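Below is one structure, written out as structure tokens, with a few remarks after it.
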Amino acid sequence: MILRQRTFAFILAALLAISASGCVMLAVGAAGVVGGYVISPDTVEGSIARSLDETWTSAKEITGIMGRVAEENTAQGVLVAEIAAARVTVTLIAINPTTTKISVKARKAFMPKIDLAQDVYIKIVNSFER
């Protein structure tokens, strides 16, 4: 009887964990919440109340400090860097003149590196607090 209850509880917990996986809100930062969503196994995305130019400058500075900027295309809003032997792609899209959507994708040898993508995203967003 107890074995059945434990088995049922395990199966229920496993199903709940599988169904709950998906977009996750990141709650990090010393002063408050940095709103970023994990939208795939290798990508973090969110919006910031800054202009595209300000965000581009910050993204270029942060990726340059963390690694090496390999490619940059200001017209398309794409910045590619090599950080910790991983390829990190930062994509910036102007939603309006004062809001920019940031997407950070990180892969190392075809494997997703969500922790690195989160780290780069958080550093870009937090760079405006200094």
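Summary of computed values
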{"item": "Accessible area (Å², per residue) of the range 38-130, counting only protein heavy atoms and a probe of 1.4 Å", "result": "53"}
{"item": "Percent carbon-and-sulfur accessible area, the range 41-84, ignoring ligands, DNA and RNA, probe 1.4 Å", "result": "49"}
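The values are calculated or read from the model by the stated rules, or taken from the named source; none is laboratory data. Source: prediction; values computed, not measured. These area figures cover heavy atoms from the full protein model, side chains too; ligands, DNA and RNA do not enter into them. Shrake-Rupley method; radii C 1.70, N 1.55, O 1.52, S 1.80 Å.
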